[in-house]
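Okay, structure first, notes after.
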Amino acid sequence: MISAESLTKQFIVRGVPLVAVNHLSFQVASGEVYGLLGPNGAGKTTTLRMIMGLLEPDSGYVEIGGVRSTNKSTDIRKQLGLISTNDGVYPWLTVREMLMYFADLYAVDPSLAAERLEELANLLDLRNFIDQRCSTLSTGQKQRVTLARGLMHDPPVMLLDEPTRGLDVVGSQAIFRFIDLLKQRGKVVLLSTHRLDEAERVCDRFGLLHRGNLQFEGTLEELRQATGKQHLVDMFIAFLNAPQVNAPKTDHPVNIPPNELSPQA
């Protein structure tokens with residue numbers, strides 16, 4: 001299980017405080033797909049960066065398997081896998097070399113890494129190009145390599161950050177099958193996306209973020225009852241049309257250049 005407790009992050013942009021994530025709390029169980037959903041600027045990417053330890057929260061913490069990020073952030077990272085279409089492959093390495101390299105980064109025993117590589121090659125249909133340089137692969141092949149890379153150290157928690165961005169229908173289907181595989185293996189899956197139609201298809205529960213605040217959380221049926229809307233798109237249109245709520249300030253604002261604040265945050 002992964003648990004986020006009161007995660008909060010504020011930036012200072014052009015001298016103006018911006019609360020990107022405001023006391024965000026949620027839990028995701030093993031074998032569950034949790035959709036952290038919202039439009040651009042909702043706080044999704046900032047939340048993922050805090051979970052991964054790439055961004056220190058002003059307050060709050062993440063806990064995985066009883067380990068808190070405030071105590072052992074390195075141990076937390078070892079339990080995470082990240083899949084994003086923004087992640088590239090190393091062009092001059094073969095698929096085999098790159099996957100074994102990432103296994104080594106996570107201190108996976110070489111013999112175990114080799115076994116895992118063979119298993120993933122079969123599961124994700126990599127065998128026909130496993131010894132080709134990554135620069136020679138098609139977009140779909142690179143995508144499958146990226147999926148395999150996220151599982152080489154067999155993490156209990158998988159973070160999927162806009163995994164279908166830029167993909168066609170066929171590529172998106174591969175992502176959906178991969179999510180099914182993760183569920184079958186009992187992984188905790190946290191999906192961050194603004195593709196609400198896709199989220200409805202694969203997620204067991206949802207957390208609806210708007211301006212850094214968790215507006216609603218629950219299954220699709222629970223959200224329908226709470227909002228009076230049938231679809232996630234309709235729910236977010238209602239959020240966007242609602243009057244803006246000023247979020248409370250945090251105690252430790254961070255000054256950053258405006259161009260370093262991701263528009264996908």
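The values are calculated or read from the model by the stated rules, or taken from the named source; none is laboratory data. Owing to the predicted nature of the structure, the values given are computational and were not obtained by experimental measurement. Cβ coordinates were reconstructed from backbone atoms using ideal geometry, including for glycine residues, and neighbour counts include every protein chain displayed. Quick note on the areas: whole protein, heavy atoms, side chains included, nothing else; ligands and nucleic acids left out. Shrake-Rupley method; radii C 1.70, N 1.55, O 1.52, S 1.80 Å.
Residue pairs whose Cβ atoms lie under 6 Å apart, separated by 6 or more positions or on different chains, with the first residue in the stretch 231-250 and more than 17 Å from residue 11 (Cβ to Cβ) and modelled with pLDDT of 60 or more and the second open to solvent by less than 40 Å² (accessible area, probe 1.4 Å) and among the hydrophobic types (A, V, I, L, M, F, W, C), are 232/196; 233/196. Across the stretch 57-74, the qualifying residues are those that are more than 21 Å from residue 108 (Cβ to Cβ) and modelled with pLDDT under 90, and the one among them that is least open to solvent (accessible area, probe 1.4 Å) is 69.
Checking each residue in the stretch 174-194 for being modelled with pLDDT of 90 or more, within 21 Å of residue 139 (Cβ to Cβ) and of a type in the set (Lys, Arg) picks out no residue at all. Applying a threshold of 8 Å to beta carbon distances and a minimum spacing of six or more residues, or different chains, the list of pairs starting in the stretch 102-131 at a residue that is over 17 Å from residue 150 (Cβ atoms) and ending at one that is open to solvent by 10 Å² or more (accessible area, probe 1.4 Å) and in a helix (DSSP H, G or I) reads 110/100; 110/104; 114/100; 129/136; 129/141; 131/96.
Residue by residue, here is whether (1) crowded, with 16+ Cβ neighbours inside 10 Å; (2) more than 17 Å from the chain's Cα centre (by Cα) holds:
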| position | (1), (2) |
| --- | --- |
| 10 | yes, yes |
| 14 | no, yes |
| 23 | yes, yes |
| 35 | yes, no |
| 42 | yes, no |
| 47 | yes, no |
| 55 | yes, no |
| 76 | yes, no |
| 91 | no, yes |
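Counting only residues that are closer than 15 Å to residue 126 by Cα, touching an Asp or Glu at 6+ places or on another chain (Cβ under 8 Å) and of a type in the set (A, V, I, L, M), the stretch 78-108 holds 1 of them.
The set of residues from the stretch 121-136 being open to solvent by 10 Å² or more (accessible area, probe 1.4 Å), more than 28 Å from residue 49 (Cβ to Cβ) and part of a loop (DSSP other than H, G, I, E, B) comprises 125, 131, 132. Just to be sure before I move on: is residue 53 at positive phi and either modelled with pLDDT of 90 or more or aromatic (Phe, Trp, Tyr) (or both) in the structure I sent? Against the criterion (at positive phi and either modelled with pLDDT of 90 or more or aromatic (Phe, Trp, Tyr) (or both)), residue 53 does not qualify. Looking only at the stretch 103-119, decide whether some residue is small (Gly, Ala, Ser), open to solvent by 70 Å² or more (accessible area, probe 1.4 Å) and within 26 Å of the chain's Cα centre (by Cα). Yes; the residues of the stretch 103-119 include at least one that is small (Gly, Ala, Ser), open to solvent by 70 Å² or more (accessible area, probe 1.4 Å) and within 26 Å of the chain's Cα centre (by Cα).
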